[in-house]
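Written out below as structure tokens is the structure these notes cover.
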Amino acid sequence: MSKRTFYTFAVLVFVLAVVIPWLAFRGSGDANTGAEQVPQHLKAGQSLFQTNCGTCHTLYAAGTDGNYGPDLDELLAPTGPPEPTDTKTIEGIEGRVINAQKQGVDSNVPGRMPPAILNPEQQKEVAEFVGAVAGEG
């Protein structure tokens, strides 16, 4: 084996064994690094969403990329005049979220969203968070 081949192989091994793992593990290790900063009054809802909903649902502001349920940024994105973030629109989104949490979604079908995962106070916190941030992603 020539020296050039040996050096090329050594560099390749170094990159695969040292550089790539270093790049992969140099992050802070915080599970919520992808989450958007939200006002203090929405932080409890954000945390509840990440823990209880984020496995299934994608929501940019929560930093979740669930792969089973619908993408809530797309499903609940406010639209239409006069303002997509007006109080009525946000309250409508909150109502949809609370209703889905209370009744579940196709809960008689295995693997679908069951009802009452959260207690009523937690449901309200999650609904306020989702209502305020849905569609931002």
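If you check Gln122 against the conditions, is it surrounded by 14 or more Cβ atoms within 10 Å (Cβ to Cβ), in contact with a strand residue (DSSP E or B) (Cβ under 9 Å, 6 or more places away or on another chain) and modelled with pLDDT of 90 or more? No; evaluated as a whole, the condition is false for this residue.
Across region 92-104, what is the total count of residues that are over 18 Å from Leu59 (Cα atoms) and either open to solvent by less than 70 Å² (accessible area, probe 1.4 Å) or at pLDDT below 85 (or both)? Residues meeting the conditions: 2.
Return yes when Thr64 is closer than 30 Å to Val105 by Cβ, of a type outside the set (D, E, K, R) and either modelled with pLDDT under 75 or exposed (fewer than 11 other Cβ atoms within 10 Å of the Cβ) (or both) and no when it is not. Spell out the reasoning first.
On the way: closer than 30 Å to Val105 by Cβ: yes; of a type outside the set (D, E, K, R): yes; either modelled with pLDDT under 75 or exposed (fewer than 11 other Cβ atoms within 10 Å of the Cβ) (or both): no.
So Thr64 fails the test.
The values are calculated or read from the model by the stated rules, or taken from the named source; none is laboratory data. Owing to the predicted nature of the structure, the values given are computational and were not obtained by experimental measurement. Glycine gets a Cβ as well: all are built from the backbone with ideal geometry, and neighbour counts include every protein chain shown. Calculation scope for accessible area: heavy atoms of the full protein, side chains included, ligands and nucleic acids excluded. Shrake-Rupley method; radii C 1.70, N 1.55, O 1.52, S 1.80 Å.
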